[in-house]
Structure formats: structure tokens, C-alpha cells
């Protein structure tokens, strides 16, 4: 949520990253204190979808409904950004030939429309299947699917941080456009530790019902089977990976 | 950076299999998040606009919302990035307005300190289990960092400015 003019990307990107991080951190702490320090208090606010609603109702002397309507675009934007994310990700996977070529079809403005459509159909199917398997358990299973998504994210974060550490030691001689600093590896290790604790918490403390673990295991098995049956023999480095990233260096090094 | 998220980095350092799994789980997580949020969005929408509905008809509303989402993305085309930048600023303004507008009624002593006294333990009022249950919320903080790999393709084509909209 921060605009930074990038004249020389190598020097300004780390600065931009720090600015984004500081903005997020300051905003998060400020919002936490602001929401907790007023009616209805910290414990009730923790369990409502839009904790700002109470404050806005007082501020504008209006109804909950109107405040919720005015906050809907913000919520819609969250959905929009997440859709942007999976569209881009699946398109990039397709360019590396890890997914079929149809996922990389783009329309005007480089929008990966096929990835968006296929991802949307999968998401819709997921909802419909949960709705019709057992209507009484729908709400519970929706909550558990949220846990599954969090487990997927935790896996990504842990591997990303481990990748950073491995990269530092395995390719230490590689010339970098900017320095990470001596705290990089220790902080990454702390991050790995925190995310592992979160992952364990999600697996064994989030719910007594282990539906989420079964769902996660099924999805992971599908991913593994797909990789060995289809992707492994076809994968390659996409143009971007060869030109922008360090793939060429690594390939040549090997 | 390569547009597509963290998988490219993981692929080179941790090997192709783990790299693929990172891409797979990252996409999967976002697909699930979108579907769950769309469900909540539809429920909020029908609540806010007093729309009478039959729970059996909810899937039709999900389909409509998904269609709107995809069409909007495709319609925005290369302006997607700028639209997200603009909306990012709007979304950022909401908590600022909230904090500024409600500052006069904040009372830390009453609503935080006194409420905590109702519980036996001050640091973990819901117990260790409650703490571990709520801990995953903190992982959302990392989401903004994770998103940065996704915007580089757009900025590369649009102009060298505005690297971050996410």
C-alpha cells in the first residue's frame, strides 16, 4: 500500500520493502490499540468480522448496516487481490511448464484470464461440494477449510525462509545487487520457528475434528502425484526465470 | 524477482519438487481463501441490502460473484495494478479515519486493563490452547511480503515507478 519511485531498483527496492514493512507494523499496532481501547473492548472485538464497525457507528451516527455497506468495497478488494495472486501464480507455473499451457493464456493487459477462470471454477466447486456433502456440517467444514488454506500458506512461508538460508550458504559467492545484512539468517530461522509453532497449533489445537488434516493430506497427495505423473518430465525454466532470476547462473554452475 | 510468487526462488535453492509444492500450495491457499471470502461477501451483501434468499440458492449467488470478479479483472486489463494501488490507498485511509475519529473515546484502562482482570491469567487469558488457536492470525502479516513477487511483472511493463501496490 505504499508507492515508491524506483529509479534504481537494486538500491530502492530494499528501502521500499522496509517502508512497506514499517507501515504495516505501525498500522497494525495502532489499529490494535485503537480497537481494543474502546467499546465493546478487546475480547468482543476479537470475534467480529469488522471491528471498526462499532467505532464508525458512533462516529457517523449511523446504523451497523450502512457502515458494513461502506466497508464492503474494502472486503471486496481483499478478494480481488487474492484472485490476482492465484491468477499470476498459476500463470507463472504454467510458463515453467509445471501446469498445462492453457493456464498461461492472457488477455488485454497481460491478464491471465484462463488461470482466473479455472481457479474460480475450482473455488466454486469446493464451496458447492462442501454445501452438498453435508448441509449440517457446512459451517464447521468451511472453518476447517480456512485452516487448510492456512496450513498451505505456512508450508510456503517455511520453505521460502529455508530457501533464503540455503541460498545464503549454497550460493554464497553469487554477486548480489544489495546486501541482506548479518541479521538475515538468524531472523529467517526465528521466522521458521514461529511458523512451525503456528503449523503445529493449526494441526493439533485448532479443532478437535481432524477433517482439516485429512483434507490437507488428500490435497498434498494430489500435488505430489501430479508432480511425478505430469510436471516432472515437462518442467523447464520460464523466460523470466532465465533472464531475471539466477537460473542461468545456477544451471551454468552445475 | 519473477512474477508468480516464492516458488521460483524455492525451486532453484530447494530443488524442483519442493519448488513445485510451494507454487501448488500457494495457489491452492489463495483459491480457498477467495472461495471462503466470497461466501462471506455474499452473506454480508444479502444482509446489508435486505435481500430475501433461500439458502439453496446461495450457489447461484456465488457463481454471479465469481463471474463479476473474473470479468472485472479481465476488463481492467493493464490498469489492474493501478486500480489496486488506488484501492490500497483507500483501504489504508479507513483505519486512519477510524483512529482519528474515535481517538476521543479511547480508554485503555477500562477496555483493556480492567477487562483483563476478569480473567485469571493476564498474559494468556484464554490459556495456552487459546493462544495457539489465535497465533495463526499473525501469519497474515507475512502475506504482504509474499505478495511483492506478484506485482513485479506489472510494474516492469507499466513504468519503473510504483513498485508496491500491495
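The values are calculated or read from the model by the stated rules, or taken from the named source; none is laboratory data. Note that the coordinates shown come from a computational prediction; the quantities given were computed from them, not determined experimentally. Ideal geometry is used to build each Cβ from the backbone, glycine not excepted, and the neighbour counts take in all protein chains shown.
Has segment A:220-238 got at least one residue that is farther than 18 Å from residue A:162 by Cβ, at pLDDT below 80 and in contact with a helix residue (DSSP H, G or I) (Cβ under 6 Å, 6 or more places away or on another chain)? Scanning segment A:220-238, I find at least one residue that is farther than 18 Å from residue A:162 by Cβ, at pLDDT below 80 and in contact with a helix residue (DSSP H, G or I) (Cβ under 6 Å, 6 or more places away or on another chain), so the answer is yes. Evaluate the following for residue B:8: is it at the interface with chain A (Cβ under 7 Å from one of its Cβ atoms), surrounded by 17 or more Cβ atoms within 10 Å (Cβ to Cβ) and farther than 21 Å from residue A:49 by Cβ? Answer is yes for this residue.
Here's the yes/no breakdown for (1) modelled with pLDDT under 85; (2) surrounded by fewer than 16 Cβ atoms within 10 Å (Cβ to Cβ):
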residue: A:18; (1), (2): yes, yes
residue: A:22; (1), (2): yes, yes
residue: A:27; (1), (2): no, yes
residue: A:37; (1), (2): no, no
residue: A:44; (1), (2): yes, yes
residue: A:88; (1), (2): no, no
residue: A:95; (1), (2): no, no
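Of all residues in segment A:148-175, those satisfying the criterion of being at the interface with another protein chain (Cβ under 8 Å from one of its Cβ atoms) and under 16 Å from the mean Cα position of the chain (by Cα) are A:148, A:149, A:150, A:152, A:153, A:154, A:155, A:156, A:157, A:159, A:160.
Kindly provide the set of residues from segment A:133-142 that are surrounded by fewer than 15 Cβ atoms within 10 Å (Cβ to Cβ) and either assigned to a helix (DSSP H, G or I) or touching a strand residue (DSSP E or B) at 6+ places or on another chain (Cβ under 9 Å) (or both), ordered by number. Answer for segment A:133-142, where residues must be surrounded by fewer than 15 Cβ atoms within 10 Å (Cβ to Cβ) and either assigned to a helix (DSSP H, G or I) or touching a strand residue (DSSP E or B) at 6+ places or on another chain (Cβ under 9 Å) (or both): A:133, A:135, A:136, A:137, A:139, A:140. Look at residue B:46 and say whether it is more than 8 Å from chain A (Cβ to nearest Cβ) and out of contact with any helix residue (DSSP H, G or I) (no Cβ under 6 Å at 6 or more places or on another chain). In short, yes.
Looking across segment A:75-100, just one residue is assigned to a loop (DSSP other than H, G, I, E, B) and at the interface with chain B (Cβ under 7 Å from one of its Cβ atoms), and that is A:98.
Being in contact with a helix residue (DSSP H, G or I) (Cβ under 7 Å, 6 or more places away or on another chain), more than 26 Å from residue B:31 (Cβ to Cβ) and either modelled with pLDDT of 85 or more or not in a helix (DSSP H, G or I) (or both) holds for only one residue in A:151, A:130, A:187, A:174, and it is A:174.
Scanning segment B:70-87 for residues that are at the interface with chain A (Cβ under 8 Å from one of its Cβ atoms) and more than 18 Å from residue A:69 (Cα to Cα) returns B:70, B:72, B:73, B:74, B:76, B:77, B:78, B:79, B:80, B:84, B:85. Residues that are more than 17 Å from the chain's Cα centre (by Cα) and surrounded by fewer than 16 Cβ atoms within 10 Å (Cβ to Cβ): does segment B:23-40 have at least one? The answer is no; no qualifying residue exists. In this structure, residue B:136 does satisfy being within 8 Å of chain A (Cβ to nearest Cβ) and modelled with pLDDT of 60 or more.
If we keep just the residues of segment A:106-128 that are more than 7 Å from chain B (Cβ to nearest Cβ) and without any contact (Cβ under 8 Å) to a residue 24 or more places away in the chain, which is surrounded by the fewest Cβ atoms within 10 Å (Cβ to Cβ)?
Among residues in segment A:106-128 that are more than 7 Å from chain B (Cβ to nearest Cβ) and without any contact (Cβ under 8 Å) to a residue 24 or more places away in the chain, the one surrounded by the fewest Cβ atoms within 10 Å (Cβ to Cβ) is A:125.
One residue stands out in segment B:101-120 among those that are over 21 Å from residue A:57 (Cα atoms) and either in contact (Cβ under 8 Å) with a residue 60 or more places away in the chain or in a helix (DSSP H, G or I) (or both): the one that is nearest to the other protein chains (Cβ to nearest Cβ), namely B:115.
No other residue among A:103, A:50 is free of Cβ contacts under 8 Å to residues at least 40 places away in the same chain, farther than 17 Å from residue B:105 by Cβ and outside any helix (DSSP H, G or I) apart from A:50. Test residue B:84 against the stated conditions and say whether it is in contact (Cβ under 8 Å) with a residue 40 or more places away in the chain, in a helix (DSSP H, G or I) and surrounded by 14 or more Cβ atoms within 10 Å (Cβ to Cβ). When the stated conditions are applied, residue B:84 passes them. If the requirement is being surrounded by fewer than 17 Cβ atoms within 10 Å (Cβ to Cβ) and modelled with pLDDT of 85 or more, which of these qualifies: B:104, B:121? Residue meeting the stated conditions: B:104.
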